[in-house]
């Protein structure tokens, strides 16, 4: 279980997160939804210890993250929001680095790599330098690295970005399977269709605040006769802007 308890992050006077609280239960695919700049990546980076919150606490399986960072990191596999890292390494060298960091046995590493590189069509590219890869191939490299140690918690920041349709489908199926086995998948997205397809539980963020925490089904039931897109835009504060644009367009057409 993952618990965010009134987590805030300040950068000077700017508040990137404002008392964010939610709980993720084992077996859930949890989606962080929001516009660019809503605080999704800041939330994720706080969980994986890239940044430290200004206030609040994060708990994992009953242990406080701040007091058990190394042990908690080994429970998580992380795909960052940008795959433009470790560019001088080959894919195989990057995966070896992950294997050493997570203390994976040679046998387990080989078994996992055979399965994952075959699935994501990377077997013939593992000895190529990451810098030579397309965005999608870099994304596959980091997805494979995150899943290589078979951690209980998958933390995926916009994981579908750049993936081809087959790789995107395969990753979604892996996410469903991982959660079905009683594990946790936390991922961020601004694509509502993906969230609706995958998530048991979502949190909608806007300017660092949680606007909604619950299921998509409950959200839609609370907003009868509205699509998920309409409901999201209303919550995220963009519906009025959409109406103003439409009224403006109508006015221009009338003027013409």
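Quickly estimate the mean residue ellipticity at 222 nm for the chain, helices only: each DSSP H run with n ≥ 4 gives -39500 (n - 2.57), and the total goes over all residues, rounded to 500. Numbers along the way, then the final one.
On the way: 10 runs with 106 residues, N = 256.
Calculated from helices alone, the mean residue ellipticity at 222 nm is -12500 deg cm²/dmol.
Over the stretch 1-77, what is the relative contact order in whole percent, taking alpha-carbon pairs under 8 Å and six or more residues apart?
Here the relative contact order equals 36 percent.
How do 46, 115, 8, 41 rank when sorted from fewest to most other Cβ atoms within 10 Å of their own Cβ?
Ranked by crowding around the Cβ, least crowded first: 115, 8, 41, 46.
Could you tell me which label, among [x] 7, 28, 32, 21, 8, 3, 1, 0; [y] 7, 31, 38, 20, 4, 0; [z] 7, 29, 29, 20, 12, 3, 0, carries the value of P(r) over Cα pairs in 10 Å bins from 0, in percent calculated for this structure?
[x]
Sketch the reach of a paramagnetic label on residue 55 as a point 7 Å from Cα along Cα-to-Cβ, and name the residues of the stretch 1-18 whose backbone nitrogen lies under 18 Å away.
Answer for the stretch 1-18: 4-18.
How far, in nm, would the chain grow between residue 10 and residue 108 when pulled straight, counting 0.36 nm per residue and subtracting the alpha carbon separation? Walk me through the numbers on the way to the answer.
Working: separation 98, 0.36 × 98 = 35.28 nm, distance 4.09 nm.
31.2 nm is the gain from fully extending residue 10 to residue 108.
For each of 59, 95, count neighbouring Cβ atoms within 10 Å of the residue's Cβ, then give the residues from fewest to most. The partial results should precede the final answer.
Details: 59 18, 95 23.
The order, fewest Cβ neighbours first, is 59, 95.
Once you put a point 7 Å from the Cα of residue 225 and another 7 Å from the Cα of residue 131, both along the Cβ direction, what distance in nm separates them?
6.0
Which angle from 0 to 90°, rounded to the nearest 10, does the C-alpha axis of helix 91-101 make with the longest principal axis of the chain?
For helix 91-101, the angle is close to 80 degrees.
Give me 93, 181 ranked fewest to most by other Cβ atoms within 10 Å of their Cβ, as a rough exposure proxy. List each step's numbers first, then the result.
Working: 93 14, 181 10.
So the residues, fewest neighbours to most, are 181, 93.
Roughly what % antiparallel, to the nearest 5, for the DSSP beta bridges in the chain?
Counting DSSP beta bridges with both partners in the chain, the antiparallel share is about 55 percent.
Under 8 Å for C-alpha pairs, at least 6 residues apart: give me the relative contact order for the stretch 83-150, rounded to a whole percent.
Working: 60 pairs, mean separation 37.3, N = 68.
Computed over the stretch 83-150, the figure is 55 percent.
By how many nm would the segment from residue 177 to residue 207 lengthen if fully extended, with 0.36 nm per residue of separation less the alpha-carbon distance? Mind showing how you got there, number by number?
Working: separation 30, 0.36 × 30 = 10.80 nm, distance 3.22 nm.
Net length gain for the segment: 7.6 nm.
Could you please state, rounded to a whole Å, how far the C-alpha centre of the stretch 55-133 is from the C-alpha centre of the stretch 171-196?
18
What's the extension gain from residue 123 to residue 89 if we count 0.36 nm per residue and subtract their Cα-Cα distance? All intermediate terms of the calculation are to be shown ahead of the outcome.
Details: separation 34, 0.36 × 34 = 12.24 nm, distance 1.59 nm.
Extra length from residue 123 to residue 89 when fully extended: 10.6 nm.
What FRET efficiency do you get for residue 82 and residue 234 if R0 is 51 Å and r is their Cβ-Cβ distance, rounded to the nearest 0.05? Could you put the intermediate results ahead of the total?
Numbers: r = 31 Å, r/R0 = 0.60.
In this case the efficiency is close to 0.95.
For the chain, what's the relative contact order in percent, using C-alpha pairs closer than 8 Å and at least 6 residues apart?
This gives 27 percent for the chain.
Coordinate-derived values only; no laboratory data. Keep in mind that this is a model prediction, so the values were computed, not measured. All Cβ positions, even for glycine, are placed from backbone atoms using ideal geometry, and neighbour counts span all protein chains on display.
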